[in-house]
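Chemist: My structure is below; once you've seen it, I'll send some questions.
The values are calculated or read from the model by the stated rules, or taken from the named source; none is laboratory data. On a predicted model such as this, the values are computed, not experimentally measured, just so you know. When we count neighbours, we look across all protein chains shown, and the Cβ atoms used for this are built from the backbone with ideal geometry, even at glycine.
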Amino acid sequence: MEVVRDMILSGTIQPNVAIRQDSLASELNVSKIPLREALVRLEQDGLVVSQPNRGFFVRPMSVAEAEEIYALRLKLEPDASAQSCLAASEAERTAAREVLMRLDAAAAAHQPSAGALNRAFHIALSRPGDHAVTAGIVARMHVMADRYVRKHLEYKGRHLTAEAEHHEILQAWLDRDADRVRKLVAEHLEHTLADLRQEFSLGQAEAPQDQPERQRRAS
């Protein structure tokens, strides 16, 4: 399933085009049964939709979906991260530092793995502690947000602002400053949503590399 998910998140499998299960199974060297099972699970994750007699399609991106995803993240993630900073073990604190280092390197090199590492960093901040249900929902929201994060990071220079914000959040998290973590995570998500609204309103009329240096953030 991870391979198919990565193909969707990276844009290799395009929205609004029927997923040809025979050819995809052949490409991945798997049978159709596990592939179909993977597609059903991805539908549960909100990445694909099935249509009777037509098969599976990747969900198209939209500002409405971005609004809904980020509204849910804003309700859950700032508080979850604030609680987690107080409960995190030394191993979990080390893991958060390490994933951010990997994210910085991948984003600077414009590697495709930056989206997944961004997701891993935010999950590392919100997972520790006794709130498994909340952490699970946050993780699912990150899977759905991944395509929007990748879209956001396409714009020149945004990874630099993202890097600065991530390091500020991590330092507050390592300091176990729950109030500051809550504030910084909320601001980080709000900034990204504002930029996504602008991108959708522009209708991608401007190429990412031609965008002016404004509001360059990522989540």
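Chemist: What is the residue count in segment 16-28 for residues that are in contact (Cβ under 8 Å) with a residue 12 or more places away in the chain and in contact with a helix residue (DSSP H, G or I) (Cβ under 9 Å, 6 or more places away or on another chain)?
Modeler: The qualifying residues number 4.
Chemist: Answer yes or no: is there a residue in segment 29-46 that is exposed (fewer than 14 other Cβ atoms within 10 Å of the Cβ), touching a residue at least 24 places away in the same chain (Cβ under 8 Å) and at positive phi.
Modeler: No: segment 29-46 contains no residue that is exposed (fewer than 14 other Cβ atoms within 10 Å of the Cβ), touching a residue at least 24 places away in the same chain (Cβ under 8 Å) and at positive phi.
Chemist: Quick one: count up the residues across segment 51-60 that are surrounded by 14 or more Cβ atoms within 10 Å (Cβ to Cβ) and under 26 Å from residue 149 (Cα atoms).
Modeler: Start the filter on segment 51-60 by keeping residues that are surrounded by 14 or more Cβ atoms within 10 Å (Cβ to Cβ), which leaves 55-59.
Remaining after also requiring under 26 Å from residue 149 (Cα atoms): 56-59.
So the answer is 4.
Chemist: Please go through segment 1-46 and pick out each residue that is of a type in the set (S, T, N, Q), touching a strand residue (DSSP E or B) at 6+ places or on another chain (Cβ under 8 Å) and either part of a loop (DSSP other than H, G, I, E, B) or in the same structural domain as residue 114 (by TED's automatic domain parsing) (or both). Can you show your working first?
Modeler: As a first pass, look at segment 1-46 and keep what is of a type in the set (S, T, N, Q): 10, 12, 14, 16, 21, 23, 26, 29, 31, 44.
Now drop any that are not touching a strand residue (DSSP E or B) at 6+ places or on another chain (Cβ under 8 Å), which leaves 14, 16, 21.
Passing the criteria: 14, 16.
Chemist: Output the helices (runs of 4 or more DSSP H) that fall wholly within segment 91-185 and possess 2 or more residues being of a type in the set (D, E, K, R), surrounded by fewer than 22 Cβ atoms within 10 Å (Cβ to Cβ) and under 11 Å from the mean Cα position of the chain (by Cα), or say none. Spell out how you get there, then give the answer.
Modeler: Working: elements: 114-126, 132-153, 158-174.
Per the criteria, 132-153.
Chemist: Across segment 121-143, what is the number of residues that are among the aliphatic types (A, V, I, L, M) and in contact (Cβ under 8 Å) with a residue 60 or more places away in the chain?
Modeler: Residues of segment 121-143 among the aliphatic types (A, V, I, L, M): 123-125, 132-133, 135, 137-139, 141, 143.
Still in the running and in contact (Cβ under 8 Å) with a residue 60 or more places away in the chain: 125, 137-138, 141, 143.
Looking only at that region, the number is 5.
Chemist: Here's something else I'd like to know. Restricting to segment 39-57, what's the tally of residues that are under 18 Å from the mean Cα position of the chain (by Cα) and of a type outside the set (A, V, I, L, M)?
Modeler: Final tally of qualifying residues: 5.
Chemist: What are the pairs, 6+ residues apart or on separate chains, where a residue within segment 102-116 that is assigned by TED's automatic domain parsing to the domain that holds residue 159 and among the aliphatic types (A, V, I, L, M) has its Cβ under 6 Å from a residue that is at pLDDT below 80 and outside any loop (DSSP other than H, G, I, E, B)?
Modeler: 107/159
Chemist: When segment 63-81 is examined, which residues are found to be surrounded by 15 or more Cβ atoms within 10 Å (Cβ to Cβ) and either of a type in the set (Asp, Glu) or in contact with a strand residue (DSSP E or B) (Cβ under 7 Å, 6 or more places away or on another chain) (or both)?
Modeler: 65, 77, 79
Chemist: Could you tell me which of the residues 189, 160 is under 25 Å from residue 128 (Cβ atoms) and aliphatic (A, V, I, L, M)?
Modeler: Numbers: 160 fails: under 25 Å from residue 128 (Cβ atoms).
Criteria check complete, one pass: 189.
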